[in-house]
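See structure below.
The values are calculated or read from the model by the stated rules, or taken from the named source; none is laboratory data. No experiment lies behind these values; they were computed from the predicted model shown. In this analysis, Cβ positions are derived from the backbone assuming ideal geometry, glycine residues included, and neighbour counts consider all displayed protein chains.
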Amino acid sequence: MDIEAIRRGAETPVVAGPGDLDAVAADLADAFTDDVMFNWFLRDDARRPEANSRFFNLVIKLAAKDGARIDRPAGGGAAAVWMPYEAIKPMPLIDEIRAVPTMLYATGLARITRLMALRADMDKHHPMDRPHAYLYFLGVTHAAQGHGIGSRLLKVATARLDAAGQHAYLETQTERNIALYVRHGFKVISEHQPRPDSPPLWSLWRDAQPPEE
């Protein structure tokens with residue numbers, strides 16, 4: 001893996017097209033392999049790697065269907081998935097039905113209620129009173145982490161949002177990432193837990209920044 005090429009690519013990312021979605025899903029599945037929240041709701045057995053892969057293949061393709069903008073280095077290795085806030089609504093019934101087998105495989109019967117609690121908690125705390133872009137996922141593959149790639153993708157996106165006068169929102173379950181988002185203009189607006197036994201989530205909001213004079 002050429003880390004420097006990924007770093008340069010993150011400074012001038014391309015928008016993923018339909019033919020890139022499998023690669024985006026694979027990159028994000030790798031990025032979130034050891035994530036604390038995914039550890040909490042994904043099944044905990046030998047099928048877990050496959051479950052993680054299937055989960056991201058489903059959610060990325062559904063996000064693209066709902067109008068997500070996916071920024072990534074041209075050669076892959078990282079991705080930022082931005083959703084229009086209008087897409088944050090109940091999933092159409094047909095999509096819900098089609099998603100059930102994948103979600104059950106991802107969690108197993110023992111943990112499906114954890115995923116349901118997470119979804120409900122995220123919906124509850126998502127501010128919907130003002131238009132904004134929602135950072136659904138920002139991930140860098142394990143081999144490329146720690147080289148400022150996520151920060152570069154975020155810098156490009158926030159500059160684009162500022163130029164459009166658009167606010168932004170995200171959640172993170174990784175406390176050490178809060179400082180990264182704060183450096184890019186986000187502020188913590190709440191801390192919450194889907195269930196008493198779950199890891200916490202932090203919600204962050206970013207007002208569009210006026211152009212420098």
Helices (runs of 4 or more DSSP H) lying entirely in region 98-213 (those with 2 or more residues that are under 18 Å from residue 68 (Cβ atoms) and in contact with a His (Cβ under 7 Å, 6 or more places away or on another chain)): 149-164
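Sort through 131, 199, 211 and tell me the only one that's in contact (Cβ under 8 Å) with a residue 40 or more places away in the chain and either touching a Gly at 6+ places or on another chain (Cβ under 6 Å) or surrounded by 14 or more Cβ atoms within 10 Å (Cβ to Cβ) (or both).
Exactly one of 131, 199, 211 is in contact (Cβ under 8 Å) with a residue 40 or more places away in the chain and either touching a Gly at 6+ places or on another chain (Cβ under 6 Å) or surrounded by 14 or more Cβ atoms within 10 Å (Cβ to Cβ) (or both), namely 199.
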Residue 34, sole failed condition from (1) at pLDDT below 95; (2) part of a loop (DSSP other than H, G, I, E, B); (3) more than 23 Å from residue 140 (Cβ to Cβ): (3)
Residue tally, condition out of contact with any Leu (no Cβ under 9 Å at 6 or more places or on another chain) and free of Cβ contacts under 8 Å to residues at least 24 places away in the same chain, over region 167-196: 3
Near pairs, Cβ below 9 angstrom, 6+ apart or cross-chain, from region 112-126 (more than 11 Å from residue 88 (Cβ to Cβ)) to any residue that is of a type in the set (Asp, Glu): 114/197; 125/171
Region 86-101, residues that are surrounded by 10 or more Cβ atoms within 10 Å (Cβ to Cβ), over 25 Å from residue 130 (Cβ atoms) and either modelled with pLDDT of 85 or more or more than 20 Å from the chain's Cα centre (by Cα) (or both): 97, 98, 99, 100, 101
Residue check for residue 79: under 16 Å from residue 139 (Cβ atoms), touching a strand residue (DSSP E or B) at 6+ places or on another chain (Cβ under 9 Å) and surrounded by 14 or more Cβ atoms within 10 Å (Cβ to Cβ): yes
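Name the residue that is farthest from residue 69 (Cα to Cα), counting only residues in region 1-25 that are without any contact (Cβ under 8 Å) to a residue 40 or more places away in the chain and part of a helix (DSSP H, G or I).
Per the stated criteria, the residue is 4.
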Test: residue in region 145-161 that is in contact with a strand residue (DSSP E or B) (Cβ under 7 Å, 6 or more places away or on another chain) and more than 28 Å from residue 23 (Cα to Cα): no
Some residue of region 4-11 being of a type in the set (Val, Ile, Thr) and either out of contact with any Asp or Glu (no Cβ under 9 Å at 6 or more places or on another chain) or farther than 27 Å from residue 151 by Cβ (or both): yes
Residue in region 48-59 that is surrounded by fewer than 16 Cβ atoms within 10 Å (Cβ to Cβ), among the hydrophobic types (A, V, I, L, M, F, W, C) and either part of a helix (DSSP H, G or I) or in contact with a strand residue (DSSP E or B) (Cβ under 7 Å, 6 or more places away or on another chain) (or both) present: no
